[in-house]
Amino acid sequence: MDRKWWQEAVVYEIYCKSFCDSDGDGIGDLRGVMSKLHVLRDLGVNCIWFTPIYTSPQVDNGYDVADYRNIDPAYGTLDDFKELLDMAHGMGIRVIMDMVLNHSSDECEWFKESRKSKDNHYRNYYIWQPPKEDGSEPNNWGSYFREGNGSAWEFDETTGEYYLHQYSIKMPDLNWEYEPLRREIYDMLNFWIDLGVDGFRLDIFTRLKKPEGFPDTKKEPDPLLDRNGFIVDTTMCTNVEGIHEILHELYTEVFGPRECMTVGEGAGVSHKNALDYVSASREELDMVYHFELSSRRTYSISADHFRKIQSEWAGVIKNNGWAVQYLSNHDSARQVSCYGCDSDEFRADSAKLLAAFIHTTPGTPFIYQGEEIGMVNVKYDSIEDYNCCYTVGDYNAMIASGVSPKEAIDTLAPRSRDNARTPYQWDATENAGFSIGKPWIKVNPKYKEINLEADRASDDSIFAFYKELIKMRRENPAIIDGDLTFYLDGHEEIIMYSRACASQTLLVVANYSGKTVKFDIPKEIMDCAWTRKLTNKKDTDPSLDSLRDLLPWEVEIYELVK
């Protein structure tokens, strides 16, 4: 079958600020990335995704864009980026960029002009509303970052009106109802495509459309976090009627004609409505991140949940849609700490098992930097060491409600986004080889044991296992094209599934637990001949016949012998 390049890709997410620092200022940069591209080529990835590297005051680590057409000086220059593009393309690696289209920085020239007067040319680039008769905010929406009094509206003295900011006060929402703004954005996207960018990841794309009239939310307040009558409601601006017209216009004006790959961060997207966004006939997006499997609200996946969600999304793909396979990224905690086991005994095995899940289920696998060496969560003792806006905002709200500092830290640390944002651990030298200067955020103290150099020198290398999985995906058509079938439904520890296409059948058998588990292999599997292709356990019998039990966090991949 004809495939798009992004269906065959393995994407590696780079959080530039924490990847590699070339100049000693403690902040990762583009020249640091260039110095490590050979490592990614050796791993086998053929696409990298940059989280925002545009000019930004860094209120939310680049997701507050001040200049959409330039590179932040902390990361380098536009010429550096052009050089990186050429270098990556020369290695057969495509490059996609994060594009933040829901909001900008308040330091963006558009917003600086917008707030000058009500008749300014840029006024309608943003969402302004007059106060209520008593001078209060237009509605009871709460800000996700819970700054100030908790409202998603900020009063501006110059014009006497409020502007909407779903996130930080310094991140005003853009007004997609206004055609001149849309035209400005289309021109800006074409600017990056003209430079050679291969695609975009669209940040919180489901929230571009706002509900008409800005009604109050009816959601009950969270007594621990919501304050002053302002309520954080994740549905308040999500999947609002009219969002598909916005996305279709983006496609027809930019993405479709330029053959540009798009992947959306799909808050509010499930298997039930995914085809409305990613079906090829819709002409909107190519694929979507969803939060039905991995969610920072719970960080818990049972075997039944895994089977259910993967089966539902396999149905989306079978109906001419597509999806991302991932368990962690820059917005989450580390997958080994959340879904595996980060103890010394089982860290490597569970990291490999999770990798096998991501690389052998339907969709495009996205690797977040550090997963390929099994990086784990970090816990800081003081809120002063945390950078994540959610963590700091929730901490302050909890303290205001009477929670002790220790209890607040204990609650928030396991799910803080800072777990994923600590510097990449290259080696055991000072600052994990990330920088010769003081890093912008503290290095995980486990870097002396967990780092790329030590992993690659190990007989039990996680990096090598990832490399084999990526190679398998390229060489085995069943991984991309095959139907997904689960066995042993209801089993609490054993996850078994096949991927079968016309030319090949693969079988994945995994013990998703920290104990040895005995089980019976289904007769329809035992009646066939299988050969083992990959395992995360050394010195085990390679025959499927021997699998009457599985060791803790063991995963085996077999191929049907025809």
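Of the listed requirements (1) closer than 30 Å to Gly90 by Cα; (2) touching a strand residue (DSSP E or B) at 6+ places or on another chain (Cβ under 6 Å), Ile185 misses just one: (2). The requirement of being surrounded by 15 or more Cβ atoms within 10 Å (Cβ to Cβ), among the charged types (D, E, K, R) and either within 23 Å of the chain's Cα centre (by Cα) or part of a loop (DSSP other than H, G, I, E, B) (or both) is fulfilled nowhere in the range 239-248; no residue meets it. Can you go through Tyr368, Tyr386 and tell me which one is under 23 Å from the mean Cα position of the chain (by Cα), hydroxyl-bearing (Ser, Thr, Tyr) and outside the structural domain of Ala351 (by TED's automatic domain parsing)? From the options Tyr368, Tyr386, the qualifying one is Tyr386. Considering the conditions (1) crowded, with 24+ Cβ neighbours inside 10 Å; (2) under 21 Å from the mean Cα position of the chain (by Cα); (3) of a type in the set (D, E, K, R); (4) more than 19 Å from Ile169 (Cβ to Cβ), Asp21 is excluded by exactly one of them, (2).
Tallying residues that are acidic (Asp, Glu), surrounded by 18 or more Cβ atoms within 10 Å (Cβ to Cβ) and in a loop (DSSP other than H, G, I, E, B) within the range 537-562 yields 1.
Restricting attention to the range 41-54, which residues are out of contact with any Cys (no Cβ under 9 Å at 6 or more places or on another chain) and either within 23 Å of Cys388 (Cα to Cα) or aliphatic (A, V, I, L, M) (or both)?
Residues of the range 41-54 out of contact with any Cys (no Cβ under 9 Å at 6 or more places or on another chain): 41-49, 54.
Answer for the range 41-54, where residues must be out of contact with any Cys (no Cβ under 9 Å at 6 or more places or on another chain) and either within 23 Å of Cys388 (Cα to Cα) or aliphatic (A, V, I, L, M) (or both): Leu43, Val45, Ile48, Trp49, Tyr54.
Kindly establish whether Asp79 is acidic (Asp, Glu) and out of contact with any Ser or Thr (no Cβ under 6 Å at 6 or more places or on another chain). Quick ask: steps written out before the conclusion?
On the way: acidic (Asp, Glu): yes; out of contact with any Ser or Thr (no Cβ under 6 Å at 6 or more places or on another chain): yes.
So Asp79 fits the description; yes.
Are any residues in the range 278-325 in contact (Cβ under 8 Å) with a residue 60 or more places away in the chain and assigned to a helix (DSSP H, G or I), and if so, which ones? Those that are in contact (Cβ under 8 Å) with a residue 60 or more places away in the chain and assigned to a helix (DSSP H, G or I): Ala303, Asp304, Phe306, Arg307, Gln310, Ser311, Ala314, Lys318. When the range 230-266 is filtered for residues that are touching a strand residue (DSSP E or B) at 6+ places or on another chain (Cβ under 9 Å) and either within 13 Å of Arg207 (Cα to Cα) or of a type outside the set (A, V, I, L, M) (or both), the ones remaining, listed by number, are Phe230, Asp233, Met236, Cys237, Leu247, Tyr251, Phe255, Cys260, Thr262, Gly264, Glu265, Gly266. Which of the residues spanning the range 272-288 are surrounded by fewer than 21 Cβ atoms within 10 Å (Cβ to Cβ) and of a type outside the set (Lys, Arg)? Scanning the range 272-288 gives Asn273, Leu275, Asp276, Ser279, Ala280, Ser281, Glu283. Scanning the range 285-303 for residues that are touching a strand residue (DSSP E or B) at 6+ places or on another chain (Cβ under 8 Å) and closer than 23 Å to Asn319 by Cα yields Leu285, Asp286, Met287, Val288, Tyr289, His290.
Scan the range 34-66 residue by residue and report those that are part of a loop (DSSP other than H, G, I, E, B) and β-branched (Val, Ile, Thr). Break it down into steps so the answer makes sense when it comes.
Of the range 34-66, the ones part of a loop (DSSP other than H, G, I, E, B) are 44-46, 51-53, 56-66.
Of everything in the range 34-66, those that are part of a loop (DSSP other than H, G, I, E, B) and β-branched (Val, Ile, Thr) turn out to be Val45, Thr51, Ile53, Val59, Val65.
Being surrounded by fewer than 15 Cβ atoms within 10 Å (Cβ to Cβ) and of a type in the set (A, V, I, L, M, F, W, C) is the filter; apply it to the range 422-443 and report the residue that is nearest to Val39 (Cα to Cα). If we take residues in the range 422-443 being surrounded by fewer than 15 Cβ atoms within 10 Å (Cβ to Cβ) and of a type in the set (A, V, I, L, M, F, W, C), then Ala428 is nearest to Val39 (Cα to Cα).
Looking at the range 148-168, can you tell me whether even one residue there is touching a Leu at 6+ places or on another chain (Cβ under 7 Å) and not assigned by TED's automatic domain parsing to the domain that holds Ile96? Yes; the residues of the range 148-168 include at least one that is touching a Leu at 6+ places or on another chain (Cβ under 7 Å) and not assigned by TED's automatic domain parsing to the domain that holds Ile96.
Checking Asp29, Asp64, Asp60 one by one, the residue that is crowded, with 21+ Cβ neighbours inside 10 Å and in contact with an Asp or Glu (Cβ under 7 Å, 6 or more places away or on another chain) is Asp29 and no other. Screening the range 133-165 for residues that are in contact (Cβ under 8 Å) with a residue 40 or more places away in the chain and hydrophobic (A, V, I, L, M, F, W, C) and picking the one that is surrounded by the most Cβ atoms within 10 Å (Cβ to Cβ) gives Ala152.
Assess whether Ile450 counts as being in a loop (DSSP other than H, G, I, E, B), touching a residue at least 12 places away in the same chain (Cβ under 8 Å) and under 24 Å from the mean Cα position of the chain (by Cα).
Values: in a loop (DSSP other than H, G, I, E, B): yes; touching a residue at least 12 places away in the same chain (Cβ under 8 Å): yes; under 24 Å from the mean Cα position of the chain (by Cα): yes.
Here the answer is yes, as Ile450 does meet what is asked.
Got at least one residue in the range 171-191 being surrounded by 18 or more Cβ atoms within 10 Å (Cβ to Cβ), at pLDDT 95 or above and touching a Pro at 6+ places or on another chain (Cβ under 7 Å)? Checking the range 171-191: not a single residue is surrounded by 18 or more Cβ atoms within 10 Å (Cβ to Cβ), at pLDDT 95 or above and touching a Pro at 6+ places or on another chain (Cβ under 7 Å).
Here is a yes/no grid of residues against (1) over 22 Å from Ala267 (Cα atoms); (2) in the same structural domain as Leu208 (by TED's automatic domain parsing):
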residue: Arg94; (1), (2): yes, yes
residue: Lys112; (1), (2): yes, no
residue: Ile127; (1), (2): no, no
residue: Gly135; (1), (2): yes, no
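Output yes when any residue across the range 511-530 is more than 28 Å from the chain's Cα centre (by Cα), within 21 Å of Phe465 (Cα to Cα) and exposed (fewer than 12 other Cβ atoms within 10 Å of the Cβ), and no when none is. No, the range 511-530 has no match at all.
Going by what's in this entry, would Asp342 be described as in contact with a helix residue (DSSP H, G or I) (Cβ under 8 Å, 6 or more places away or on another chain), free of Cβ contacts under 8 Å to residues at least 40 places away in the same chain, within 25 Å of Ile450 (Cα to Cα) and surrounded by fewer than 22 Cβ atoms within 10 Å (Cβ to Cβ)? Break it down into steps so the answer makes sense when it comes.
Working: in contact with a helix residue (DSSP H, G or I) (Cβ under 8 Å, 6 or more places away or on another chain): yes; free of Cβ contacts under 8 Å to residues at least 40 places away in the same chain: yes; within 25 Å of Ile450 (Cα to Cα): yes; surrounded by fewer than 22 Cβ atoms within 10 Å (Cβ to Cβ): yes.
So Asp342 passes the test.
If you go through the range 353-404 and keep only what is surrounded by fewer than 21 Cβ atoms within 10 Å (Cβ to Cβ), hydrophobic (A, V, I, L, M, F, W, C) and either in contact with a Cys (Cβ under 6 Å, 6 or more places away or on another chain) or in a loop (DSSP other than H, G, I, E, B) (or both), you end up with just Val403. The set of residues from the range 67-101 being of a type in the set (Gly, Ala, Ser), over 22 Å from the mean Cα position of the chain (by Cα) and assigned to a helix (DSSP H, G or I) comprises just one member, Gly90.
The values are calculated or read from the model by the stated rules, or taken from the named source; none is laboratory data. Keep in mind it's a predicted model, so treat the numbers as computed, not measured. Neighbour counts run over all protein chains shown; Cβ positions are idealised from the backbone, glycine included.
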